[in-house]
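S.K.: Right, I'll just put the structure down here and ask away after.
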Amino acid sequence: MSPAAARAGATAVLHLPDEPPTDPWELVAAWLPDDEDPVRPTMTLATLDGGVPDARTVLLSGWSRDGFLLHTDARSRKAAQLAADPAVALVMHLAADAHQLVVQGRAEPAGAEADRAAYARRSPYLQQLAWQNTDEFATLPLDDRRSAWAGFAAAHADGFAPAPSWIGYRVVPHRLAFWQGDPATASRRLEYARHADTRGGDGWTVTRRAG
Ligand SMILES: Cc1cc2nc3c(=O)[nH]c(=O)nc-3n(C[C@H](O)[C@H](O)[C@H](O)COP(=O)(O)O)c2cc1C
């Protein structure tokens, strides 16, 4: 269940704490739904197209302390862009909670296990879409697209195997900015920037910023 759904009926907004946690993943866990929640947050994925910004909406497939997962078609423009330059930004607007999470990071392959799990959690419609969503299909007249869609569904009534072009990316963040809106006062952000800690691991610098 999403945090928003869990609080349905309650008037309280989930506010950023006055004393921010040192670990940004604590806030991610409070803000984002479980991976099993069928209602997936959407996010804007920004990539670089030969140095020129490009962007589109994708679903957040899941997250862990290693990063944020998204899935797409290996033949897509974004996949070619990420192969050339893995630098990305993500923007999640969680409107029901007056939250925005902005992430800067690098995209790496999610791995076969994460890809399989994400495909299994997609709806039958989205599983089928992963098979048929090609530029060639998009050129067909509407009646042909509908009959090809119905025919494919009927031929796979027992379910869909993962589409061969299904691939996933894990966005490993180096900056996270948690924006909190509040009609009773000014919006504000907590910004986390990754740094190497004294033991050679990762730590986070937290800064309070204007919204
Ligand atoms: C609400 C919404 C969710 C979407 N989710 C995805 C997604 O999870 N993965 C994906 O590849 N495309 C998704 N799309 C389609 C993309 O926005 C985009 O049109 C498509 O991936 C092609 O992008 P590209 O040409 O930049 O690679 C979604 C679109 C909308 C409107």
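S.K.: Looking only at residues in segment 152-186 that are of a type in the set (Gly, Ala, Ser) and free of Cβ contacts under 8 Å to residues at least 40 places away in the same chain, which one is surrounded by the most Cβ atoms within 10 Å (Cβ to Cβ)? Show your work before the answer.
M.R.: Of the residues in segment 152-186, the ones of a type in the set (Gly, Ala, Ser) are 153-155, 157, 159, 161, 163, 165, 168, 177, 181, 184, 186.
Okay, now just the ones that are also free of Cβ contacts under 8 Å to residues at least 40 places away in the same chain, so 153-155, 157, 159, 161, 184, 186.
On the way: 153: 14, 154: 8, 155: 8, 157: 6, 159: 8, 161: 11, 184: 5, 186: 9.
Among those that are of a type in the set (Gly, Ala, Ser) and free of Cβ contacts under 8 Å to residues at least 40 places away in the same chain, it is 153.
S.K.: Tally the residues that are touching a residue at least 24 places away in the same chain (Cβ under 8 Å), surrounded by fewer than 21 Cβ atoms within 10 Å (Cβ to Cβ) and within 12 Å of the ligand (Cβ to nearest atom), restricting the search to segment 60-77.
M.R.: Qualifying residue count for the region: 4.
S.K.: Taking residue 35, is it exposed (fewer than 14 other Cβ atoms within 10 Å of the Cβ) and either outside any strand (DSSP E or B) or out of contact with any His (no Cβ under 7 Å at 6 or more places or on another chain) (or both)? Reasoning before the result, please.
M.R.: On the way: exposed (fewer than 14 other Cβ atoms within 10 Å of the Cβ): no; either outside any strand (DSSP E or B) or out of contact with any His (no Cβ under 7 Å at 6 or more places or on another chain) (or both): yes.
So residue 35 does not fit the description; no.
S.K.: Could you list, in sequence order, all residues of segment 127-151 that are in contact (Cβ under 8 Å) with a residue 12 or more places away in the chain and under 28 Å from the mean Cα position of the chain (by Cα)?
M.R.: First, pick out the residues of segment 127-151 that are in contact (Cβ under 8 Å) with a residue 12 or more places away in the chain: 127-128, 130-134, 148-149.
Of everything in segment 127-151, those that are in contact (Cβ under 8 Å) with a residue 12 or more places away in the chain and under 28 Å from the mean Cα position of the chain (by Cα) turn out to be 127, 128, 130, 131, 132, 133, 134, 149.
S.K.: Just a yes or no: is a residue in segment 106-126 away from the ligand (no atom under 16 Å from the Cβ), under 28 Å from residue 190 (Cβ atoms), modelled with pLDDT of 95 or more and not hydroxyl-bearing (Ser, Thr, Tyr)?
M.R.: Among the residues of segment 106-126, at least one is away from the ligand (no atom under 16 Å from the Cβ), under 28 Å from residue 190 (Cβ atoms), modelled with pLDDT of 95 or more and not hydroxyl-bearing (Ser, Thr, Tyr), which makes the answer yes.
S.K.: Next up: Among the residues of segment 55-79, what is the count of those that are touching a helix residue (DSSP H, G or I) at 6+ places or on another chain (Cβ under 6 Å), within 10 Å of residue 169 (Cα to Cα) and outside any strand (DSSP E or B)?
M.R.: Final tally of qualifying residues: 1.
S.K.: Would you check if there is a residue in segment 97-104 being near the ligand (Cβ under 10 Å from one of its atoms), in contact with a helix residue (DSSP H, G or I) (Cβ under 9 Å, 6 or more places away or on another chain) and modelled with pLDDT of 95 or more?
M.R.: no
The values are calculated or read from the model by the stated rules, or taken from the named source; none is laboratory data. Everything numeric in this text was worked out from a predicted model, so none of it was measured. Virtual Cβ from ideal backbone geometry, glycine too; neighbours counted across all protein chains shown.
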